[in-house]
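This report concerns only the one structure given below.
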Amino acid sequence: MTSLEDRLRDIVGDAHVLVDRDVMASYESDWTGRFRADARCVVRPADTAEVSAVVSACRDDGVQLCIQGGNTGLVGGSVPVDGAVVLSTRRLSGIGEIDALSAQVTVGAGATLSAVQSVVRAAGFDVGVDFAARESCTIGGMASTNAGGERVLRYGTMRAQVAGVEAVMPDGSVVSRLAGLPKDNTGYDVVGLLAGAEGTLGILTQLRLRLVPLLPGRAVALVAVGSTRDAVDLVVAARSLSTLEAAELFYADGLELVCAHTGLASPFADAHPAYVLLECADREDPSELLLEALESAGDVVRDATVASDARGRHALWAYRESHTESINAVGVPVKLDVAVPIGELAALVDALPAAVEAAAAGSRLVLFGHVNEGNLHVNVLDALDHDDAVTEAVLKLVSSYGGSISAEHGVGRHKRDWLGLSRSPEEIAVMRGIKASLDPQGLLNPGVLL
Ligand code: FAD
Ligand code: 2HG
Ligand code: ZN
């Protein structure tokens with residue numbers, strides 16, 4: 001009998017079935033180095049028909065599949081369980097013609113965000129979601145995690161950008177819904193269900209993306225503030241700017257790590273407790289209105305610097321966007337991404353140090369996040385030995401404020417056991433029912449989410 005590997009080679013070609021341990025290594029662990037397993041092999045299909053044939057071959061042998069895009073996910077969802085086949089979507093990277101009439105484009109699930117950005121920007125459009133992993137993360141991975149990032153305030157999360165999908169289902173069938181009709185009330189929202197499903201229900205092969213207008217006039221302000229409460233007040237006041245696109249938060253200790261790792265100089269002569277980065281975007285330079293808003297914020301603003309030229313803006317963004325890699329340069333953190341109602345953000349920030357210290361004495365807590373959505377990134381260094389205790393303490397605290405255990409990165413394998421803090425038993429039963437009906441063999445992404 002032919003082996004599964006041989007049948008996979010017949011489907012995708014010899015070069016695209018990887019079995020060499022060294023070659024597979026980068027597919028077997030995550031970006032942070034926290035999750036790892038031994039895959040059976042890595043298979044790299046080139047189109048939807050090949051994905052479908054790969055799924056059918058694995059199903060026939062009862063072999064589980066792990067779906068992987070850019071492997072920038074931060075919750076272990078893109079990492080296989082031992083013995084699973086990794087299905088990499090990276091060769092599904094085509095980018096179709098831009099449909100300027102509907103302001104949409106169809107792209108392969110394996111296209112990276114930066115590749116799509118450069119194509120659509122050349123045509124006067126933009127993608128509504130953006131974040132630091134843009135060079136590696138794929139549109140399929142972003143949709144599957146319902147990624148958020150730096151522009152949610154203006155454009156919503158990834159689900160809001162997805163007007164249609166094509167997907168291979170666990171039985172090998174293909175669901176294709178790529179028309180992208182803005183109005184279409186014909187039953188269950190299959191597209192919305194597959195977005196945010198973390199690869200547990202189907203493999204996205206193509207996506208129909210809604211595009212937003214390219215706004216070349218941009219101004220970024222980095223503002224030093226005295227506390228989280230002041231940061232929230234500043235952002236709430238700045239929301240009166242119709243051009244506001246981003247409102248990010250970080251603290252003195254995170255900035256110190258960033259400067260140490262990147263070699264950047266501190267942005268201000270003096271250190272401050274917290275920093276807010278605001279970005280406005282419009283057809284023309286929006287600096288003046290941004291400056292006026294800062295002036296009217298009064299004492300909340302301890303210091304500020306504003307840039308509207310590309311180099312200056314990128315320099316200010318680097319302080320915020322370098323947090324993830326600067327933290328990882330010190331050690332592998334316990335990483336959580338939580339959200340609370342914005343009015344509770346400061347209380348959560350105040351309560352976290354004691355909760356984390358009780359769970360992992362001597363650990364180092366670094367916080368940053370997206371203010372408008374009350375989304376806090378909780379990174380705890382020197383705590384891997386107490387991973388479960390830290391996770392439990394932080395997620396229970398968040399839940400006590402009426403928050404979500406995952407604002408952006410998804411549940412993955414890391415937060416699966418705490419899903420009940422954000423979802424009722426009845427909701428979890430509905431989710432299990434959907435999973436059992438679409439994937440009765442538990443073929444796709446075992447152990448992720450449920
Ligand atoms: P992967 O990591 O490969 O996969 C993620 C999940 O999606 C897995 O469960 C996987 O099985 C599933 N999946 C992938 N492709 C498919 C597909 N085609 N069909 C079905 N399932 C699929 N996230 C945010 O939300 N906001 C941020 O601001 C943000 N910033 C980041 C910054 C850095 C430096 C890094 C490393 C990560 C960041 N992330 C952020 C997390 C991550 O980049 C995003 O979740 C991203 O969307 C994952 O895309 P990916 O292609 O790398 O997916
Ligand atoms: C971000 O906002 C990402 O930069 C990553 O969501 C968060 O590293 C993290 O904890
Ligand atoms: Zn984030």
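The values are calculated or read from the model by the stated rules, or taken from the named source; none is laboratory data. Since the model is a prediction, treat every value here as computed from it, not as a measurement. Glycine gets a Cβ as well: all are built from the backbone with ideal geometry, and neighbour counts include every protein chain shown.
The range 62-174 holds strands (runs of 3 or more DSSP E) entirely within its bounds, and those carrying 2 or more residues that are touching a Gly at 6+ places or on another chain (Cβ under 9 Å), under 26 Å from Val334 (Cβ atoms) and more than 16 Å from ligand 3 (Cβ to nearest atom) map to 65-68. For residues that are part of a helix (DSSP H, G or I), touching a helix residue (DSSP H, G or I) at 6+ places or on another chain (Cβ under 6 Å) and over 24 Å from Glu248 (Cβ atoms), tally how many sit in the range 356-385. So the count comes out to 1. All of (1) without any contact (Cβ under 8 Å) to a residue 60 or more places away in the chain; (2) farther than 28 Å from Glu28 by Cβ; (3) of a type in the set (Asp, Glu) hold for Asp126 with one exception: (1). When residues in the range 9-40 are screened for being part of a helix (DSSP H, G or I), over 30 Å from Gly331 (Cα atoms) and without any contact (Cβ under 8 Å) to a residue 40 or more places away in the chain, 4 of them pass.
Being farther than 26 Å from Ile434 by Cβ, basic (Lys, Arg) and buried (at least 16 other Cβ atoms within 10 Å of the Cβ) is the requirement here; does Arg151 meet it? Against the criterion (farther than 26 Å from Ile434 by Cβ, basic (Lys, Arg) and buried (at least 16 other Cβ atoms within 10 Å of the Cβ)), Arg151 qualifies. I'd like to know if the range 267-286 contains one or more residues that are in contact with a Cys (Cβ under 8 Å, 6 or more places away or on another chain), closer than 21 Å to Gly312 by Cβ and either in a helix (DSSP H, G or I) or not hydroxyl-bearing (Ser, Thr, Tyr) (or both). Yes, because at least one residue in the range 267-286 is in contact with a Cys (Cβ under 8 Å, 6 or more places away or on another chain), closer than 21 Å to Gly312 by Cβ and either in a helix (DSSP H, G or I) or not hydroxyl-bearing (Ser, Thr, Tyr) (or both). Against the test of being farther than 15 Å from Gly374 by Cα and touching a Leu at 6+ places or on another chain (Cβ under 6 Å), the options Glu198, Glu248, Glu256 yield a single qualifying residue, Glu198. Return yes or no: is Ala329 more than 25 Å from the chain's Cα centre (by Cα), at pLDDT 95 or above and either more than 16 Å from ligand 1 (Cβ to nearest atom) or under 27 Å from Ala269 (Cα atoms) (or both)? Judged against the criteria, Ala329 is not a match. Annotation for the range 180-195: no member residue is of a type in the set (Phe, Trp, Tyr), more than 19 Å from Val129 (Cα to Cα) and surrounded by 15 or more Cβ atoms within 10 Å (Cβ to Cβ).
Contact map, the range 371-392: residues that are more than 10 Å from ligand 2 (Cβ to nearest atom) paired with residues that are part of a strand (DSSP E or B) and among the acidic types (Asp, Glu), Cβ distance under 7 Å, separation 6+ or inter-chain. Pairs shown: Val371/Glu248.
A count restricted to the range 335-345 and to residues that are more than 10 Å from ligand 2 (Cβ to nearest atom) and either at pLDDT below 95 or crowded, with 19+ Cβ neighbours inside 10 Å (or both) stands at 4. Of the residues making up the range 301-331, those that are farther than 17 Å from Cys259 by Cα and surrounded by 20 or more Cβ atoms within 10 Å (Cβ to Cβ) number 1. Within the range 386-405, being assigned to a helix (DSSP H, G or I) and either surrounded by fewer than 17 Cβ atoms within 10 Å (Cβ to Cβ) or within 22 Å of the chain's Cα centre (by Cα) (or both) holds for Asp387, Asp388, Ala389, Val390, Thr391, Glu392, Val394, Leu395, Lys396, Val398, Ser399, Ser400.
Only one of the numbered conditions (1) surrounded by fewer than 23 Cβ atoms within 10 Å (Cβ to Cβ); (2) of a type outside the set (A, V, I, L, M); (3) within 16 Å of ligand 2 (Cβ to nearest atom); (4) over 23 Å from Ala195 (Cα atoms) is violated by Phe368, and that is (1).
In this entry, Thr205 passes the filter for residues that are of a type outside the set (A, V, I, L, M, F, W, C) and outside any loop (DSSP other than H, G, I, E, B). Residues in the range 1-43 that are more than 15 Å from ligand 1 (Cβ to nearest atom) and at pLDDT below 95: Met1, Thr2.
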